[in-house]
């Protein structure tokens, strides 16, 4: 499909409509704080999620930079005094029961959850600064964000190897990814059993922490993952925050850079498999490699110091492999060669096949920084085509391009950033 200029303009208009229509404003009944944010989807996800807001802030730069800043200001109101940042904020009391019944979550407070999400926020702040030059905004938010990253370092890296750990699948944002199946004791077949088994297993994880806030407990070997995607994002945000410290004269850049170097070194020494040409997630305190081909194996492409030969292998052996990830509408959440590949959502669970815009966005910029401009261009073209033909959906069938999941899904408006980058 050749995308016309008129179609691209319709995509831009649709994305603007979604970002404006998903805006939530009010005063929290929990603590009297004013909230003003763009929710992922009013009908399906009316709450504020950590990494969603970080992505949405980047998309908002293409609409209104002031709203981009407001998105992060609202999010950071949820930071706890110890630096813990919840993965969900339930601003309205009326939403509490719905959140608890519809999602497998553990609340630390009626207003927020007890679990984390990938710390995309460092990249968001950097992008806001690059777009606006607003050093005062960076100085305003840096103290709270530094506390978040200090908490991650102190609490989620107990073995001090530089890799942070997640303690349940939702903390990566990848919910039911097949790479977690063994740890979650999910059945391989039939697909209809996957979701019920996942719900049972999530309760097993929650019980392991005795109903106490999970952020306050020692990390147990029930579900413990050093996730490649999460840690690549963590390292990327550490880089961005160090750059912001230097740009604004704030202290702490050296410490952030040292943490980043330690994280990247661990990804290379512990997760890289030279024989397979892939980065594997690590499961449990024993750090067993999880040899499942999800898009996570590609995420170290976002790291600028990745050796050219490793970047080339990731791209040539995996990303451009039409039996794995280079499908008609890439990048699927799991390789088509994996037996758990579920592009048409038979399991009724997420991250088991479909293509997501936030993944394509990260990989686009990773490809460009490693010199794969032609591949990045084609990935952007196909990503724009997805929205042009199927609308602003939560995810897409990688074989047909059909939109699936929630409608008017806000982080899919990251396509605005791809459009702007391609026009430039």
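Every number here is computed from the coordinates shown, using simple stated rules; none is lab data. Since the structure is predicted, the reported quantities are computational estimates derived from the model, not experimental observations. Using ideal geometry, Cβ is built from the backbone for each residue, glycine included, and neighbour counts are taken over all protein chains shown.
A few comments on the model shown:
- Summed over all non-identical Cα pairs, the Kirkwood treatment of the stretch 162-289 gives a radius of 16.3 Å.
- The chain, helix-only ellipticity at 222 nm - DSSP H runs n ≥ 4, -39,500 (n - 2.57), divided by all residues, nearest 500: -13500 deg cm²/dmol
- 18 Å cut-off, amide nitrogen to a point 7 angstrom out along residue 200 Cα→Cβ, residues in the stretch 83-122: 104
- When the Gaussian network model of the chain links Cα atoms closer than 10 Å, the mean-square fluctuations of 242, 232, 43 top out at 43.
- Amide N proximity, the stretch 350-373 versus residue 44 label position 7 Å along Cα-to-Cβ, cut-off under 11 Å: 350-351
- Entry note, the stretch 27-182: relative contact order of 22 percent, from Cα contacts under 8 Å with a spacing of 6+ residues.
- Relative contact order %, the chain, counting alpha carbon pairs below 8 Å whose residues are six or more apart: 17
- Tail fraction, Cα-Cα pairs, the stretch 70-150, threshold 17 Å, whole percent: 50
- Between residue 275 and residue 80, residue separation times 0.36 nm minus the direct Cα-Cα distance comes to 65.9 nm.
- Three-way shape label, the stretch 214-333, alpha-carbon gyration tensor, a/c 1.5: oblate
- Computed from label points 7 Å out along Cα-Cβ, the spacing between residue 309 and residue 192 is 5.1 nm.
- Normalised contact order of the stretch 331-424, rounded percent, pairs of Cα under 8 Å and 6 or more residues apart: 25
- Working note: Cα gyration tensor of the stretch 287-424, eigenvalues times five, square-rooted, sorted largest first, giving semi-axes of 22, 20, 12 Å.
- Per residue Cα convex hull volume in Å³ - calculated over the stretch 5-423: 128
- Fully extended contour minus Cα-Cα distance, from residue 24 to residue 10, at 0.36 nm per residue: 2.6 nm
- Report note on the peptides 15-26, 54-65, 186-197: ranked by the mean count of other C-beta atoms within 10 Å, highest first, their order is 54-65, 15-26, 186-197.
- The stretch 13-33 and the stretch 307-384 have Cα centres spaced 31 Å apart.
- Once the Cα-Cα distance is subtracted from the 0.36 nm per residue extended length, the residue 31 to residue 255 segment shows a gain of 77.2 nm.
- Amide N proximity, the stretch 32-73 versus residue 420 label position 7 Å along Cα-to-Cβ, cut-off under 11 Å: 57-66, 68
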